[in-house]
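The values are calculated or read from the model by the stated rules, or taken from the named source; none is laboratory data. Worth saying up front: this structure is predicted, and the values here are computed from it rather than measured. Note that each Cβ is placed from the backbone with ideal geometry, even for glycine, and that neighbours are counted across all protein chains shown.
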Amino acid sequence: MKRSLTVLAIAVAAVAAGATWYLHSKQPQRSGELALAHLQAPVSVRYDERGVPHIQAQNEADMYRALGYVHAQDRLFQMEMLRRLARGELAEVLGAKLVDTDRLFRTLGIRAHADQYAKTLDANSPAVQALQAYLDGINQYQDSRPAPVEFDLLGIDKRPFTLEDTVSVAGYMAYSFAAAFRTEPVLSHMRDQLGGDYLKVFDLAWHSAGVIQTPTLAAGDWQDLNALARLSQQALVEAGLPQFEGSNAWAVAGSHTKSGKPLLAGDPHIRFAVPAVWYEAQLSAPGFELYGHHQALNPYASLGHNRQFAWSLTMFQNDDLDLIAEKVNPDNPNQVWANGQWADLQSREETIRVKDGAPVTLTLRRSPHGPIVNDALGAAAGQTPIAMWWAFLETENPILDAFYQLNRADTLSKARDATAKIHAPGLNIVWANAAGDIGWWAAAKLPQRPAGVNPSFILDGSSHEADKPGYLPFTANPQEENPARGYIVSANYQPLSPTGVAVPGYYNLADRGQRLNDRLAQSDVKWDLQNSQALQLETATGYPQRLLQPLLADLRGAAADDGERALVEQLASWNGDHQLDSSIAPLFNQLTFQLAAAAMHDELGDAFFDNLLSTRVLDTALPRLAADAASPWWDDRGTEAKESRAETVKAAWQAALAHLKSTLGDDPSKWAWGSAHTLTHGHPLGQQQPLDKLFNVGPFAAPGGHEVPNNLSHRVGPTPWQVVYGPSTRRLIDLADPEHSLGINPVGQSGVPFDAHYADQAEAYIQGQYLPQHYSDEDVKANTQSSLTLVPASAR
């Protein structure tokens, strides 16, 4: 027995030692010396207490090559998954269940566009040379170090990263902005299947003529469009990778700050994941210095600051994607009517490799308007080809040059010129400098559309309604420079063009932006890093009262007893604050879902209603619906009687209380927002048990909520609510002292499981803490935890 136990103990120890050695071999090397080919001189990399690298190089190429190497140390698996998603290659490592996702992304044309776009790049331009150096650093790391643990689990083979991969990932990011793909099918279905009266609550009638006036799509085609919308949403949700959703940013002039210099605040709203989207790094070389936030496979910071300037970004949310119903030649199914004649559909074949399965060959078609997107459904596609016109595919879009120059834009004119080169996706750049300037530019190549065309609906490809006769000049884009009021706010609401031209888009509610504007407009407040933190962390919104006030009489009539009447009065006086201990926040959010379900589910059915819940237009529609007692949505089509608003509100009220009592308990005073509203950072491999315990981070009780400044947002639905997206970082830079700026990562700097920096900021983030972004050499030196020196390979 003793010998057996001894043998078992030795075996367990050996396994533990082997596991420890295996995991240790996967960890980043943050100290010592490493040789790197193609370096011209040694590069110093100092890591601070959060694992942020501070890179000092003697020339720009070495700086970006070093960035690529250290970025890959922490995020190689993220890079691999993003390029596979964008290029339609996930099934090769995840199996047949990802074929539909791969088919979708191949159909979108991102892969083919990236391959062609890369051929047009000027290899001698500074931006491309910097990118090539960065990719070389990634590839040298991949070639010389053990593969990440995820590569071993999934059987991923190493292969070089390329320019085409970087452009493809940019395409994925642009697509994640494209709300039209998930919105236009459901709106067109409402118009054509329900009628114009049902569209009034969506406020889409700015130009109602010019689109398809009678239903030209067969029942199978409507199923196609709904399936595409669902597949699009599913692909983004299940990938476990970042997806851009919204954002806050503001710049305050020195006349409104305590320091007398501009202050910049920014918190881009992105789907939560682990690793987090941003990789922080301080870069310095002769003539260049920047503390930046980088995306995978991109050497240029998307957010950044130095001693002279700082910028952040939000989503413009302009509509840069049109869905177009093509008219097929009855004598030739490979032709559609375009530009006054029958035009041949172009086609190409691509093959999806499938892990443990046979390859899948796709035939992908393109009309003069763009890719035929219902080819993503394969043999299940219906009768009518639906083309996609997308600005990302159709514009020159020198976005690499744009961000290379924006990383160096120390004057208002340089920042403006760099921003003008961003054609797609649409972005708001909010910028400030130490000289005292503040500016905002809505960056996008805005297409001209024929008069009367409303791109909120699917367009008729057989007419000129889908034509794009040209683009508006950048000067017509919404923008401001040094406004007299002394501040600028960008929060995804509908902007105004300086020329008065309409800018179609799928914008967020104005409530979040209005709340920020109200705070910044206070004449007796001077802004600094402390009160700016409080503003970024606000958890209240005026939206609940906009929705509830028209319904209060109906809610009071629905209350069955004194206890329910007390709840209605609490709702009536509630300030919309979503704090962790709030008992009213769960009631409001459950009631919001039940109102939408009681009013709209019977008209739309399961699939279309589920798609509607994932769109921004629902937020706009609900207050307008609440205020319109005569809206046809209030009637329940499943009954012979015609229900009134009061009857439907009563049904929603009863359903909300019943669900909350079944999930949170019978005592409403003990309902707590923090127990129903939680955040878990999901890893791509954490989608299934038991890997979720190893790779995911959380859950955490989460304050905030949908469309509040601290936009820890959940999908409209029943409790419990999982936070889907929110501030991907919170940054504050006072340009009087930019060396002591503040920020936070929602999880950690590293994407390597079991690394010390994998999730070391997660608790601080959810608690609303801010951490220093070390900048000066003295500060970096004082907070250096380890140092890595990269030396030219020939020097060893």
Residue set Asp755, Asp779, Asp734; condition surrounded by 20 or more Cβ atoms within 10 Å (Cβ to Cβ) and within 26 Å of Gly254 (Cβ to Cβ); output residue Asp734
When Asp320 is run through (1) buried (at least 20 other Cβ atoms within 10 Å of the Cβ); (2) within 30 Å of Val780 (Cα to Cα), the failure sits at (2)
Taking Leu377 as the residue in question, decide whether it is assigned to a helix (DSSP H, G or I) and either touching a residue at least 12 places away in the same chain (Cβ under 8 Å) or buried (at least 18 other Cβ atoms within 10 Å of the Cβ) (or both).
yes
Any residue that is farther than 29 Å from Lys327 by Cα and not assigned by TED's automatic domain parsing to the domain that holds Pro703 - is there at least one of those in segment 446-462?
no
When segment 340-358 is checked residue by residue, the ones that are outside any strand (DSSP E or B) and loosely packed, with under 11 Cβ neighbours inside 10 Å are Gly340, Asp356, Ala358
Based on what the data block shows, is Arg65 under 20 Å from Pro160 (Cα atoms), in contact with a His (Cβ under 7 Å, 6 or more places away or on another chain) and in contact (Cβ under 8 Å) with a residue 24 or more places away in the chain?
yes
So Arg408 fits all but one of (1) surrounded by fewer than 24 Cβ atoms within 10 Å (Cβ to Cβ); (2) in contact with a helix residue (DSSP H, G or I) (Cβ under 6 Å, 6 or more places away or on another chain); (3) within 19 Å of Leu735 (Cβ to Cβ); what number is the exception?
(2)
Quick check on my filter: what residues within segment 675-687 are touching a Pro at 6+ places or on another chain (Cβ under 6 Å) and assigned to a strand (DSSP E or B)?
Thr678, Thr680
When you check Asp561 against the structure, is it surrounded by 16 or more Cβ atoms within 10 Å (Cβ to Cβ), among the acidic types (Asp, Glu) and assigned by TED's automatic domain parsing to the domain that holds Ser644, yes or no?
no
Checked against (1) within 28 Å of Thr363 (Cβ to Cβ); (2) buried (at least 22 other Cβ atoms within 10 Å of the Cβ); (3) of a type in the set (A, V, I, L, M); (4) in contact with a strand residue (DSSP E or B) (Cβ under 9 Å, 6 or more places away or on another chain), Met81 satisfies every condition except (4)
Of the listed residues (Asn248, Asn298, Asn318), the one being under 30 Å from Ser463 (Cα atoms) and among the polar types (S, T, N, Q) is Asn318
